[in-house]
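The values are calculated or read from the model by the stated rules, or taken from the named source; none is laboratory data. Remember, it's a predicted structure, so these values are computed and weren't measured experimentally. Every residue, glycine among them, receives a Cβ derived from its backbone with ideal geometry; neighbour counts consider all protein chains shown.
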Amino acid sequence: MDENYVSIPAADGCPSLVTPWGSEFASLIEHGVQCAQTWLDTPSEIPLWWELAQARKTCPAGDCQDAFEAGFLLRIQQRLRGASA
């Protein structure tokens, strides 16, 4: 595995997940993970799609938004996989 790729830390009983993004996108990916985790941890009526749509607007368009979304969605994926185990 390439050490230059950013990984999402293990969570909810799921192992860490490697992204296709290099270390220059680490802060954006982490921001995505944190936003998803906040949504998961906070009881709210805000739909997941709305949270993602609004949070991604804080990132510059293009690769930066894609990296943010990768972190966000991979964290949600970990929760879903952990729930089905």
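Per the listing Leu48, Leu40, the residue uniquely farther than 21 Å from Ser16 by Cα, in contact (Cβ under 8 Å) with a residue 24 or more places away in the chain, surrounded by fewer than 19 Cβ atoms within 10 Å (Cβ to Cβ) and out of contact with any strand residue (DSSP E or B) (no Cβ under 6 Å at 6 or more places or on another chain) is Leu48. Might you let me know whether segment 68-77 holds any residue that is touching a residue at least 60 places away in the same chain (Cβ under 8 Å), over 20 Å from Asn4 (Cβ atoms) and surrounded by 12 or more Cβ atoms within 10 Å (Cβ to Cβ)? Yes, that holds for at least one residue.
Among the residues of segment 67-85, just one is over 10 Å from the mean Cα position of the chain (by Cα) and either within 13 Å of Val33 (Cα to Cα) or at pLDDT 95 or above (or both), namely Arg79. Quick check on segment 18-35. Is at least one of its residues surrounded by 14 or more Cβ atoms within 10 Å (Cβ to Cβ), out of contact with any strand residue (DSSP E or B) (no Cβ under 7 Å at 6 or more places or on another chain) and at pLDDT below 95? No, that holds for no residue.
Checked against the criterion of being surrounded by 13 or more Cβ atoms within 10 Å (Cβ to Cβ), within 16 Å of Ser7 (Cα to Cα) and touching a Ser or Thr at 6+ places or on another chain (Cβ under 9 Å), segment 54-67 contains one or more residues that satisfy it. The set of residues in segment 51-85 that are more than 22 Å from Pro20 (Cβ to Cβ) and β-branched (Val, Ile, Thr) is empty.
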